[in-house]
Amino acid sequence: MGSRLKGKVAVITGAGRGIGRGIALLMAQEGAAVVVNDLGGEIDGSGRSTSAADAVVGEIKAGGGQAVANYDSVADFAAAENIVQTAVKSFGKIDILVNNAGILRDRMLFNLSEADWDAVIAVHLKGAFNCTRHATRRMREQRTPGRVISMSSTSGLYGNSGQANYGAAKDGIAGLTRVASRDVGKYGITINAIAPAAATRMTATVSQAAREARKQRGVASMGAEARSMLPRPQLDPDDVAPFATYLATDAAANINGQIFVVMGGIISLLNYPAPVRTITAAERWTAEEIAALFPSTLGMDLFNPAPARTE
Amino acid sequence: MLKDRVAVVTGAGRGIGRGVALGLAAQGAKVVVNDFGVNTDGSAPSSGPAFDVVNEITAAGGEAAANTDSVSTWDGGAGIVGTAVKHFGRIDILVTCAGILRDRMIFNMSEEEFDSVLAVHLKGTFNCVRHAAPLMREQRFGRIVTFSSGSGLFGNPGQANYGSAKAAISGLTKVAARDLGKYGVTANSICPVAATRMTLTPEVMRAREIRKQQGIIREERALNQLENLKPEDVAPMVAFLASDYAANINGQFFLCAGPSVSLISLPRPLKTIYKAGRWTLDELDELVPLTLTEGLVNPAPPRA
């Protein structure tokens, strides 16, 4: 057991299984008192159970660590406040928040129902906002350094076919990370994001047919492509925990507003979006001028991720 | 350039949306001018702005129809797309400009401030794209131009709601490009910078007066630059993306600021560390500062 997070209090949402569980266990091993949040639902967001969170609390306690369970839904603003309050009531404060809870409901955009859109946005994006809002409010009042680590995804950052809801939510979390990091940085709070790739019960729901379709059209996600070349193609969800924990330590005090991709033993820093090429005129372009200039300027080497099929 | 095309422009009663509607109409498109006619915070709906722009288009010899639905409901999205089908028989082009602002630091932001901004920008974009997508797929042609923002891509303080919504729209656009591309439909996004009632707010103008009295010049210069960026400047790039010339431009992001148009980079790994196995914290402690985070600047460092 290490002592990097000794005396710290961490809240990890969706910590009953998969990536969240791995982070909860490692943070506890490093000395943090942990709130294990999980509403114990199915992968599509239905159902509830206390068993997932309880099991992880049991594991942490058996290892000599401190932990309490919380079963609230991150998607509910008031319930999210209760998740943060569970940390305050049980351990006196909150130092670390990991926004990890998530669900999946994949569908092609032209068939995606309003309910499938709303449910995924509510858990991922609204859930990350709810917990971040309540946690940073408390951290700022405490006048102590704070750490927020949110799970984004290459699905939204790069774009994955069939995941308009999930991709929007996850790219939204990237935006939330970049904006909120600027709101809270001066109070000694950092907010960063991890786009993880791992084999969990969530990724297991992506059908083999969908994977094949993406591959054939050359739109396989970078994660899937890179994965096949790895020595351990089945990426272990526990591989995400070391870097997530690193971001919560004092060593990472000045890393703020960044997004990292973590898959297995690969850890990458992502770029900030920025202008790469610009055309400027003295006054407003006409559409005709842009059409004439575009291919040899802005449009050089542009890649169409899904070209039109000629039938 | 857009002769006989049918376009829907949301939030087209004022600002950038109005400029886009006029620009598309000038290129020959028949335009549905959608505007819920609210204040910048989403309050007090009115049908005035949409009909004003329809009148402007028809006075110049173009064809246009008004729609005053809110983009933020599923049925509103259906009604907006339905207006195009009802009046002009199809929808070829969808441009989603409708938006509101409710700025607040995240630790003080209310649930209502978050929800209302997300509802108009993100759900509003989804509602319209979702209802347009099956029609565009069926006709094997479509042009979707969404509006994202530098706020979410680069990070603007005080805009956790707006920045999240706009970044989520960029994610939605990237997936839409991949879900629809093979059917001859493209989805691209504009990050505009322009002087509108959304950017030159009463708060901004009041702060400007105070700075003027204090003789602070730097911000004044930036504001003068912003004032020179007209909302109408965004329209030509949108018209180009909606045209046949842009058939193979898909899933891209463009920054439009006055007479400048920039291609924006997509997310990609800058630096990578790799190990054939799980990293330990000891290893990360040693390696990360020398590699991944070397030279990173905290955009809002702690105050001493």
- Of the residues in the range A:235-251, those that are over 15 Å from A:ILE267 (Cα atoms) and touching a strand residue (DSSP E or B) at 6+ places or on another chain (Cβ under 9 Å) come to A:ALA248, A:THR249
- Message: I'm told A:SER49 meets every condition in (1) at pLDDT 95 or above; (2) in contact with a Gly (Cβ under 8 Å, 6 or more places away or on another chain); (3) more than 14 Å from chain B (Cβ to nearest Cβ) except one. Can you identify the failing condition by its number?
- Response: (1)
- Message: Tally up the residues in the range A:145-170 that are under 13 Å from B:LEU172 (Cα atoms) and not polar (S, T, N, Q), please.
- Response: 11
- Query: Of all helices (runs of 4 or more DSSP H) completely enclosed by the range B:179-252, which ones contain at least 1 residues that are away from chain A (no Cβ under 13 Å)?
  - Reply: B:202-214, B:218-227
- Task: Kindly indicate whether any position in the range B:86-106 is within 7 Å of chain A (Cβ to nearest Cβ) and not aromatic (Phe, Trp, Tyr).
- Result: yes
- Subset of the range B:82-108 [more than 22 Å from B:GLY163 (Cα to Cα) and of a type in the set (D, E, K, R)]: B:LYS86, B:ARG90, B:ASP92
- Out of all the residues in the range B:38-65, which are part of a helix (DSSP H, G or I) and in contact with a strand residue (DSSP E or B) (Cβ under 8 Å, 6 or more places away or on another chain)? B:ALA50, B:PHE51, B:VAL53, B:VAL54, B:ILE57, B:THR58
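Yes or no, residue by residue, for (1) touching a residue at least 24 places away in the same chain (Cβ under 8 Å); (2) touching a Phe, Trp or Tyr at 6+ places or on another chain (Cβ under 8 Å); (3) farther than 24 Å from B:VAL185 by Cα; (4) of a type in the set (Asp, Glu):
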| site | (1), (2), (3), (4) |
| --- | --- |
| B:ASP92 | yes, yes, no, yes |
| B:ALA98 | yes, yes, no, no |
| B:ASN108 | no, no, yes, no |
| B:SER116 | yes, no, yes, no |
| B:PHE126 | yes, yes, no, no |
| B:MET136 | yes, yes, no, no |
| B:ARG140 | yes, yes, no, no |
| B:VAL145 | yes, no, no, no |
| B:GLY150 | yes, no, yes, no |
- Message: Which numbered condition in (1) buried (at least 20 other Cβ atoms within 10 Å of the Cβ); (2) farther than 28 Å from B:ALA247 by Cα; (3) over 18 Å from the mean Cα position of the chain (by Cα) is the only one that B:SER46 fails?
- Response: (1)
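Quick grid of which residues meet (1) buried (at least 24 other Cβ atoms within 10 Å of the Cβ); (2) assigned by TED's automatic domain parsing to the domain that holds B:GLU112; (3) over 18 Å from the mean Cα position of the chain (by Cα):
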{"residue": "B:GLY13", "(1), (2), (3)": "yes, yes, no"}
{"residue": "B:PHE36", "(1), (2), (3)": "yes, yes, no"}
{"residue": "B:GLY42", "(1), (2), (3)": "no, yes, no"}
{"residue": "B:PHE51", "(1), (2), (3)": "no, yes, yes"}
- Task: Look through the range B:109-160, keep the residues that are of a type in the set (Phe, Trp, Tyr) and not in a strand (DSSP E or B), and return whichever of them is surrounded by the most Cβ atoms within 10 Å (Cβ to Cβ).
- Result: B:PHE126
- Count - residues of the range B:203-257 that are without any contact (Cβ under 8 Å) to a residue 60 or more places away in the chain and touching a Cys at 6+ places or on another chain (Cβ under 6 Å): 1
- Query: Mind checking which residues of the range A:115-145 are buried (at least 24 other Cβ atoms within 10 Å of the Cβ) and either modelled with pLDDT under 95 or among the small types (Gly, Ala, Ser) (or both)?
  - Reply: A:GLY127, A:ALA128, A:ALA135
- Task: Could you tell me whether the range B:276-284 includes any residue that is more than 7 Å from chain A (Cβ to nearest Cβ) and either in a loop (DSSP other than H, G, I, E, B) or in contact with a Phe, Trp or Tyr (Cβ under 7 Å, 6 or more places away or on another chain) (or both)?
- Result: no
- Going through the range A:91-114 one residue at a time, which ones are surrounded by 17 or more Cβ atoms within 10 Å (Cβ to Cβ) and part of a helix (DSSP H, G or I)? A:PHE91, A:LEU109, A:PHE110
- Message: Checking the condition modelled with pLDDT under 95 and under 20 Å from the mean Cα position of the chain (by Cα), which residue from A:LEU104, A:LEU97 passes?
- Response: A:LEU104
- Task: Kindly check whether there is at least one residue in the range A:74-87 that is part of a loop (DSSP other than H, G, I, E, B), away from chain B (no Cβ under 14 Å) and over 30 Å from B:ALA133 (Cα atoms).
- Result: no
- Item | From the options A:GLU59, A:GLU42, residue that is outside any helix (DSSP H, G or I) and surrounded by fewer than 19 Cβ atoms within 10 Å (Cβ to Cβ) | A:GLU42
- Message: I need the full set of residues from the range B:130-157 which are within 7 Å of chain A (Cβ to nearest Cβ) and more than 19 Å from A:TYR272 (Cα to Cα), in order please.
- Response: B:ARG130, B:ALA133, B:PRO134, B:ARG137
- Note on the structure: Exception for B:ASP92 within (1) out of contact with any Gly (no Cβ under 9 Å at 6 or more places or on another chain); (2) over 14 Å from B:ASP41 (Cβ atoms) falls at (1)
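The values are calculated or read from the model by the stated rules, or taken from the named source; none is laboratory data. Note that this is a predicted model, so its numbers are computed, not measured. Cβ atoms come from the backbone with ideal geometry, glycine included; neighbour counts cover every protein chain shown.
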